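Asks: Can you keep this structure in mind? I'll have questions shortly.
The values are calculated or read from the model by the stated rules, or taken from the named source; none is laboratory data. Small disclaimer: the values here were computed from a predicted structure and weren't measured. Note: ideal-geometry Cβ built from the backbone for every residue, glycine included; neighbour counts use all protein chains shown. For accessibility, only protein heavy atoms count, side chains too; no ligands or nucleic acids. Shrake-Rupley method; radii C 1.70, N 1.55, O 1.52, S 1.80 Å.
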Amino acid sequence: GQSAVRAYVAGESHWSKSQLEAGFQLYRYGLTGDPAYLLRFNEALEGPLGNRLARLELQKPDYDRAVVNRGFTASGAHPDDLDLLVWSFRCCHWHPDMRKISELWEHGELRVSELQVIARQLEAELYAEHPSVMRLSQLLEEIERINEEVQPIQHQFTDTLGDLARKVSRLLMVFASAMGLLLAGLGTYVIRRGLRSIRESEAQYQTLLQNAGAGLVVITRDCDHVLEVNRRVA
């Protein structure tokens with residue numbers, strides 16, 4: 001459970017950085033018209049777009065694992081975390097915190113879609129014969145608005161993951177305590193049962209020894225000491 005949360009935390013960190021980087025690069029592109037900034041914007045979006053690809057694929061009843069892996073890998077997920085991400089998304093989607101995480105995820109993706117639209121509009125305006133300064137200014141303001149909207153989403157995402165991590169830790173502690181008590185109880189039961197079995201065997205042995213028709217003497221292996229005799233010998 002903790003490993004799955006850790007994988008989501010790592011993904012959230014990469015997602016947040018990618019979103020902020022994309023907004024910054026697109027804003028620089030609108031200011032300068034330098035296509036290098038547009039290229040960096042598209043590169044920064046590979047992470048969020050990969051997350052969206054994986055999430056949408058996982059929502060299908062018969063999802064394609066190769067597509068999911070490709071999406072999460074593009075988003076910066078470690079290969080060792082892929083199984084955990086898929087398992088937690090598919091098996092724990094009913095949990096309120098996981099539902100909230102998915103909703104925040106979707107809200108963040110909407111901001112990405114808006115940035116993509118603005119990027120196309122900026123590109124068209126910058127390559128127009130007579131670019132409109134007013135229109136460019138409006139688009140830059142839109143980028144600033146989106147960046148401001150993304151930050152609270154990222155904070156909520158982080159807070160929700162933190163809450164989930166604490167809940168998982170508490171659950172694991174309770175589970176570990178319960179397992180400890182269970183093992184202690186099981187150990188006590190096994191010991192008591194073993195002692196009872198030994199006592200029963202000893203009682204059977206004494207019955208056979210004392211009721212035997214012949215005299216029986218129990219001695220040490222080296223024949224130095226007599227350990228026990230039955231009534232007949234006594």
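Asks: For segment 104-146, which positions are closer than 13 Å to residue 38 by Cβ and β-branched (Val, Ile, Thr)?
Replies: 118, 143
Asks: Among 70, 90, 55, which is in contact with a helix residue (DSSP H, G or I) (Cβ under 9 Å, 6 or more places away or on another chain), farther than 30 Å from residue 136 by Cβ, at pLDDT 85 or above and open to solvent by 10 Å² or more (accessible area, probe 1.4 Å)? I'd like the intermediate steps shown before the answer.
Replies: On the way: 90 fails: at pLDDT 85 or above; 55 fails: at pLDDT 85 or above.
Going through 70, 90, 55 in turn, the sole match is 70.
Asks: Please identify the pairs in which a residue from segment 101-117 that is more than 14 Å from residue 20 (Cα to Cα) has its Cβ atom under 6 Å from the Cβ atom of a residue that is in a helix (DSSP H, G or I) and open to solvent by 40 Å² or more (accessible area, probe 1.4 Å), counting only partners at least 6 apart or on another chain.
Replies: Cβ pairs passing all conditions: 104/156.
Asks: Can I ask one more? Considering only residues that are surrounded by fewer than 17 Cβ atoms within 10 Å (Cβ to Cβ) and in contact with a Lys or Arg (Cβ under 7 Å, 6 or more places away or on another chain), which ones fall in segment 98-119?
Replies: Correct list: empty.
Asks: Now, a different point. Tally the residues that are of a type in the set (Asp, Glu) and either open to solvent by less than 80 Å² (accessible area, probe 1.4 Å) or within 10 Å of residue 23 (Cα to Cα) (or both), restricting the search to segment 120-147. Talk me through it step by step, then tell me what you get.
Replies: Filtering segment 120-147 down to residues of a type in the set (Asp, Glu) leaves 123, 125, 129, 141-142, 144.
Okay, now just the ones that are also either open to solvent by less than 80 Å² (accessible area, probe 1.4 Å) or within 10 Å of residue 23 (Cα to Cα) (or both), so 123, 125, 142, 144.
Looking only at that region, the number is 4.
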